[in-house]
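Right, one structure below, let's go through it.
The values are calculated or read from the model by the stated rules, or taken from the named source; none is laboratory data. Nothing here was measured: the structure is a model prediction, and the numbers come from that model. Ideal geometry is used to build each Cβ from the backbone, glycine not excepted, and the neighbour counts take in all protein chains shown.
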Amino acid sequence: MKTTKRLGIWMDHSTANLIEFTDDNTETTEVEVQVGEQDEPLNARDETMIQNKDQNELADFYKRISEVIKGYDEVLLFGPTHAKDELNNILKDDRHFDEVKIEIKPADNMTENQQQAFVKEHFDING
């Protein structure tokens, strides 16, 4: 019988914690995005360039997370911002994720232990 591969992802617009449960332990991997870092004063033209750069960096962030999700059967996206919804919309438009069961839940800022407990409870993982 095939083992269902499950992944929990706590995320906001700057960080994603990917939480995977294996037979005997829990592994959390962090994916980060650096958006909006500027060292120089801005003028109106620079604002548009910065917004485009920010959008490109966010798209890259979602793409890196999507690549990881391809290896799972069930995924829980949770967190305090709309990042989880934005990622879900991208995944829904990509046929590679048609067979992946994706659920979304709102959640506050959490410690790593709270995130792991949230995922464990959602997937009803004993231990």
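Within segment 104-127, the set of residues being touching a residue at least 24 places away in the same chain (Cβ under 8 Å) and under 18 Å from HIS13 (Cα atoms) comprises ILE104, LYS105, PRO106, ALA107, ASP108, ASN109, MET110, GLU112, GLN115. Checked against the criteria, PHE78 counts as modelled with pLDDT of 95 or more and either at positive phi or under 16 Å from the mean Cα position of the chain (by Cα) (or both).
One residue stands out among those in segment 109-127 that are surrounded by fewer than 17 Cβ atoms within 10 Å (Cβ to Cβ) and polar (S, T, N, Q): the one that is nearest to ARG6 (Cα to Cα), which is ASN126. Here is the figure for segment 112-123: residues that are modelled with pLDDT of 95 or more and not in a helix (DSSP H, G or I) total 0.
Applying the set (1) part of a helix (DSSP H, G or I); (2) crowded, with 17+ Cβ neighbours inside 10 Å to SER66 leaves exactly one unmet item: (2).
Taken together, the criteria place VAL68 among residues that are modelled with pLDDT under 95, in contact with a Leu (Cβ under 9 Å, 6 or more places away or on another chain) and under 18 Å from ASP12 (Cβ atoms).
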